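Everything on this sheet refers to the single structure shown next.
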């Protein structure tokens, strides 16, 4: 019962926080400063929600095209990995 409550709380929290995701027109990306590690980490954390929303809304993307390269990618992969770690460790209890 405790893990089910944790899943519900984490899901609600992630949905609320994913509302803070940045929306940028593709034409505006050339003028924007590139984003780095922390944006990549955040985008990796909200990947499942952003992906689901992107199925229904073409204005939502799961990856920032205006990134600085390797550091953004590293943060993105850590963000995705942290979700995997969280869900696998909570299911083993």
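Coordinate-derived values only; no laboratory data. Please read all numbers here as calculations on a predicted model, not as lab measurements. A quick note on method: Cβ atoms are made from the backbone with ideal geometry, for glycine too, and the neighbour counts reach across all protein chains shown.
Arranged from fewest to most other beta-carbon atoms within 10 Å of their beta carbon, 12, 62 become 12, 62. Extension gain, residue 84-residue 57: 0.36 nm per intervening residue step, less the Cα-Cα distance, totals 7.2 nm.
Determine the gain in length on full extension of the stretch residue 14-residue 29; use 0.36 nm per residue of separation and subtract their C-alpha separation, reporting nm with one decimal.
Working: separation 15, 0.36 × 15 = 5.40 nm, distance 2.56 nm.
Value of the extension gain: 2.8 nm.
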